[in-house]
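Okay, so here's the structure we're looking at.
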Amino acid sequence: MKPLSANKLQEFLNRFDNFQNGEFRSLELISPIQIEAVFALQDSARGFDWLTIKLQFNSVNDAVLLDGSKLSLVDMEEGISLLYQDNNFHFSLGDYKTTSNMKNSNCYIFSPDIKYEEGSF
């Protein structure tokens, strides 16, 4: 897994078009402070080929998660929001511009450390 740095965050989101119209494949609670989420989406760096991205959140300090059986029902039209503020990455489903509004999402994770891994579709 590769660490995602705050200064590369916008480049990462642009490359994957903020995960818009992707597919939320899985959400796994590894431990009380470690969560993994897998998405299928298009990669602009590869001619918009489909691939999977696994996001691993470490040292999670706040989260609201969806039940795994509901992931296939998630509308990913708005994609995700991923912000860095106060030494934390703030992830949520949907298009949010502020970390305080992200808590209105039906799924969010706040963590100081995030890593990602690219996989086959």
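All of the numbers you see were taken from the coordinates with simple rules; none came from a lab. This structure is a prediction, so every number in the text was calculated from the model and none was measured. Note that we place each Cβ from the backbone using ideal geometry, even for glycine, and neighbour counts take in every protein chain shown.
For the chain: lysine pairs with Cα atoms under 17 Å, gap of 8 or more or different chains, count? Display every interim value, and only then the final one.
Numbers: Lys2/Lys54; Lys2/Lys115; Lys8/Lys54; Lys8/Lys115; Lys54/Lys115.
Lysine pairs, 8 or more places apart or on different chains, close enough: 5.
What's the center-to-center distance, using Cα atoms, between segment 59-94 and segment 1-17 in Å?
Result: 15 Å between the Cα centres.
Lys/Arg Cβ at +1, Asp/Glu Cβ at -1, dipole of the chain taken about the Cα centre: which of Ser81, Asn61, Asn104 is farthest positive-ward?
About the Cα centre, the residue reaching furthest to the positive side is Asn61.
Ordered by residue, what ³J(HN,Hα) values in Hz, to whole numbers, does segment 48-63 give under the Karplus form 6.51 cos²θ - 1.76 cosθ + 1.60, where θ = phi - 60° and Gly and Pro are x?
6, 5, 7, 8, 10, 10, 9, 9, 10, 9, 10, 6, 4, 10, 6, 6
Pull out the extension gain between Leu65 and Asn101, defined as 0.36 nm times the separation in residues minus the alpha carbon to alpha carbon distance; nm, one decimal.
Stretched out fully, the Leu65 to Asn101 stretch lengthens by 11.4 nm.
Out of Gly94, Gly68, Gly22, any idea which swings most in a Gaussian network model of the chain, alpha carbons joined below 10 Å?
Gly68
In deg cm²/dmol, rounded to 500, what helix-only [θ] at 222 nm does the chain give when every DSSP H run of at least 4 residues adds -39500 (n - 2.57) and the total is split over its residues?
Numbers: 2 runs with 11 residues, N = 121.
It lands at -2000 deg cm²/dmol.
Between Glu77, Glu28, Glu11, which gets the highest mean-square fluctuation from a Gaussian network model of the chain, Cα cutoff 10 Å?
Highest fluctuation of the listed residues: Glu11.
Pop out the ³J(HN,Hα) list for segment 31-47 in order, Karplus 6.51 cos²θ - 1.76 cosθ + 1.60 with θ = phi - 60°, rounded to Hz; leave Gly and Pro as x.
Per residue, the Karplus-derived 3J(HN,Hα) values read 8, x, 10, 9, 10, 10, 10, 10, 10, 9, 7, 8, 10, 5, 6, 10, x Hz.
Treat every Asp and Glu Cβ in segment 3-75 as -1 and every Lys and Arg Cβ as +1, leave all other atoms uncharged, and give the resulting dipole magnitude about the Cα centre to the nearest 20 debye.
Working: 6 positive and 10 negative charges, 31 e Å.
Around 140 debye, computed over segment 3-75.
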